[in-house]
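Colleague: One structure, pasted below without further comment.
The values are calculated or read from the model by the stated rules, or taken from the named source; none is laboratory data. Remember, predicted model here, so these are calculated numbers, not experimental data. We place every Cβ from the backbone using ideal geometry, glycine too, and count neighbours over all the protein chains shown. Keep in mind that these areas ignore ligands, DNA and RNA; they rest on the heavy atoms of the full protein, side chains included. Shrake-Rupley method; radii C 1.70, N 1.55, O 1.52, S 1.80 Å.
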Amino acid sequence: MEAYLEQSQRQVLSQEMIQSVEILQMSAQELSDYIREQTLENPLIDAEEQYPQNKDEERLKKLEWLSELDEQNRFYYHLEKKAADGFDFNNISGSRESGLKEALMQQLIGEGYSDREMQVFEYIAESLDDRGYYTCPADETASRLGISVKEVQRCLEIMKTLEPAGICASSLKECLLLQLERADYDCGTECKIVSGYLEQLGKNHLPLIAKELKIPVKEVMDAQKRIRSLNPRPAQGFGNGGISRYIIPDVTVVKFHHGFEILTNDYVYPAVRINEDYVQMMKGECPEETKEYLCQKLGQARKLQENIRRRNTTLMDITKCILDVHQEFFTSGDKALRPFTMTEAAQRLDLSVSTVSRAVNEKYLQCCYGLFPLSFFFAKSISGKDDPVSAVKVRTQLGELIKNEDKKKPYSDSVLAELLAGQGLKISRRTVAKYREMMEIADCRGRKEF
C-alpha cells in the first residue's frame, strides 16, 4: 500500500512538472486557451476576464507612447480598443483577408453551372495548396469524386479563368503563362522564356537565353522585368476562410522620458480564481469521497496559479535582462544589437539554459522598432577587430554593401568578405554565402544587370 501511495505521489509530481514546463513555453494566447480548457476539467477553477480598472486612463497612458511609435503599433492598439469595446471581428470586411475558397465560389455562383459542377468547383477550391496551385492529377480527382476525367478537366479550365490570375495552375510555369494570356501587350518573348527557359531566367543567364532565342539581350531584360511583375503565388493575400490572426506581443518595451518601462500583456488571458463555493463545501459536511476529490482539484487549481505566476515572473526577468544588455538597440535600432546568448542570460538570472529557451519560445516583444520574437535578441557572436559583434550587425552591413554595389559588376562573396574585414568584421567567404542566402539575396551572377 505504501509503495502504491509513493508511486502515486511521484506521478502527481511528474504531472505538475510537465504542466509547469508546458505553461512556461506558452504564448499569451495559448495560455488563454489552456486556462479555458482547465475550467472545463476542474470545477474549482473560475476564469475571470481581466480588464483595466479605468479603460480611458489606460488608453491615455498608451497613447502617450503610441504617438511616437510605428504604424504597426497603432494598428495593434486599434484592434485592442475595438476588442475591448465589444467589436465583432467576425463581421470585418475589406480590412481583413477573405478566404480564397469563398472568393472563387462567389465568382461562379449565378453563372448557370449545375449542382454537380459546383461540387467539383468546391472540391478543387478546398484542395489548393498555399500558393493557390492545384497539383492533384485529373484522373485521381475523377476517381475520388466518381466522375469522368473529362468533367474534371473542364471544371479546372473554368476555374483557371477566375481571379486572381494564375489560380488553380499545376505549376509555376503554368501559373505565369495563365497570367501572360491576359496581358494587354504582345508577350510572345515572355511566353517563350517561361515555357523553355525558366530555370536559366532564375539564374540570371540572360545572354544564354538571348543566344538561344536569337534576340537581343535588351529584349530578354525587358521580358525579365515583365515576368518578375507577375504573381507566382496567386493565393497570397487570402486567409483560410476565417480571420487571419495578428501576433499578440507578450511584452512591450516602452521608452518614456525617465527611461524604459516593460508592459506585460495581462489582458489576453483570464485570471485563475478559486471557486469559494466548493471550498466552503469542503469545510462543511460532505461525503469523504467528494471531499477527497475537491481537495485534489483545489491543489491542481493552486498549482496552476503558481505555474502562471512563475511563467510571468520568468518572462519579466528575461525581458529586463534583454533590456539591460540591449539598451542601445532600443535607442537606435538593430545596428546596435550586441552579441548575447541564452547561456549568458541563464547565468545572469541563475536559471538553467533550458528554462530560458522554453520561456523565450514563441514569445514576442513589441517596441518602437516593430515586433520581434524574443529569440531575436539572442544573437550569435562574430569576432571583430576590437569587440565581438552580433550576426545581425554583420547581415545588416552585408546588406548595405550589396545595396550600394555597382549592379553591372556586383561583388563576389570573396570580395564581400574582404570588404567586411576592412570594417572590422572578419568572416569567411562561406559565412558570407550563408548569410546572403538567409537574406534571400542572389549570388553575384544572379545580381548582375546587363
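Colleague: With Thr264, Thr189, Thr252 as the choices, which residue is open to solvent by less than 60 Å² (accessible area, probe 1.4 Å), more than 26 Å from Leu315 (Cα to Cα) and of a type in the set (Ser, Thr, Tyr)? Before the answer, list the steps.
Modeller: On the way: Thr264 fails: more than 26 Å from Leu315 (Cα to Cα); Thr252 fails: more than 26 Å from Leu315 (Cα to Cα).
Of Thr264, Thr189, Thr252, the one residue that is open to solvent by less than 60 Å² (accessible area, probe 1.4 Å), more than 26 Å from Leu315 (Cα to Cα) and of a type in the set (Ser, Thr, Tyr) is Thr189.
Colleague: Read through the list (1) part of a loop (DSSP other than H, G, I, E, B); (2) more than 25 Å from Ser354 (Cα to Cα); (3) among the charged types (D, E, K, R), then give the number of the only condition that Asp266 fails.
Modeller: Checking Asp266 against (1) part of a loop (DSSP other than H, G, I, E, B); (2) more than 25 Å from Ser354 (Cα to Cα); (3) among the charged types (D, E, K, R), the one that fails is (2).
Colleague: Oh, and also: Which pairs have Cβ atoms under 7 Å, sit 6 or more apart or on different chains, and link a residue in segment 200-221 that is within 14 Å of Glu190 (Cα to Cα) and open to solvent by less than 70 Å² (accessible area, probe 1.4 Å) to one that is in a helix (DSSP H, G or I) and of a type in the set (Gly, Ala, Ser)?
Modeller: Note: pairs meeting the criteria are Val217/Ala210; Val220/Ala210.
Yes or no, residue by residue, for (1) of a type outside the set (Val, Ile, Thr); (2) over 29 Å from the mean Cα position of the chain (by Cα); (3) assigned to a loop (DSSP other than H, G, I, E, B):
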residue: Ile193; (1), (2), (3): no, yes, no
residue: Leu201; (1), (2), (3): yes, yes, no
residue: Pro207; (1), (2), (3): yes, yes, no
residue: Met281; (1), (2), (3): yes, yes, no
residue: Glu285; (1), (2), (3): yes, yes, yes
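Colleague: Answer yes or no as to whether Gln179 is under 30 Å from the mean Cα position of the chain (by Cα), of a type outside the set (Ser, Thr, Tyr) and assigned to a loop (DSSP other than H, G, I, E, B). Give the steps one after another, and end with the answer.
Modeller: On the way: under 30 Å from the mean Cα position of the chain (by Cα): yes; of a type outside the set (Ser, Thr, Tyr): yes; assigned to a loop (DSSP other than H, G, I, E, B): no.
In short, no.
Conditions (1) more than 22 Å from Ile247 (Cβ to Cβ); (2) modelled with pLDDT of 85 or more; (3) surrounded by 13 or more Cβ atoms within 10 Å (Cβ to Cβ); (4) not acidic (Asp, Glu), marked per residue:
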site	(1), (2), (3), (4)
Lys81	no, no, yes, yes
Asp88	no, no, no, no
Gly94	no, no, no, yes
Ser127	yes, yes, yes, yes
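Colleague: So, one more: Filter segment 338-353 down to the residues that are more than 17 Å from Thr313 (Cβ to Cβ) and either of a type in the set (D, E, K, R) or surrounded by fewer than 16 Cβ atoms within 10 Å (Cβ to Cβ) (or both) and list them by number. Working first, answer last.
Modeller: In the first step, residues of segment 338-353 are kept if they are more than 17 Å from Thr313 (Cβ to Cβ); the result is 338-344, 347, 353.
Answer for segment 338-353, where residues must be more than 17 Å from Thr313 (Cβ to Cβ) and either of a type in the set (D, E, K, R) or surrounded by fewer than 16 Cβ atoms within 10 Å (Cβ to Cβ) (or both): Arg338, Thr341, Thr343, Glu344, Gln347, Val353.
Colleague: Taking segment 159-174 on its own, how many of its residues are in a loop (DSSP other than H, G, I, E, B), under 17 Å from Ala138 (Cα atoms) and of a type in the set (A, V, I, L, M, F, W, C)? Quick ask: steps written out before the conclusion?
Modeller: The first filter runs over segment 159-174 and keeps only residues in a loop (DSSP other than H, G, I, E, B), leaving 160-171.
Right, trim to under 17 Å from Ala138 (Cα atoms) and you get 160, 167-171.
If we keep only those that are of a type in the set (A, V, I, L, M, F, W, C) as well, we get 167-169.
Here the count works out to 3.
Colleague: Among the residues of segment 132-165 satisfying the criterion of being open to solvent by 80 Å² or more (accessible area, probe 1.4 Å) and within 32 Å of the chain's Cα centre (by Cα), which is farthest from Arg182 (Cα to Cα)?
Modeller: Top of the filtered list is Thr135.
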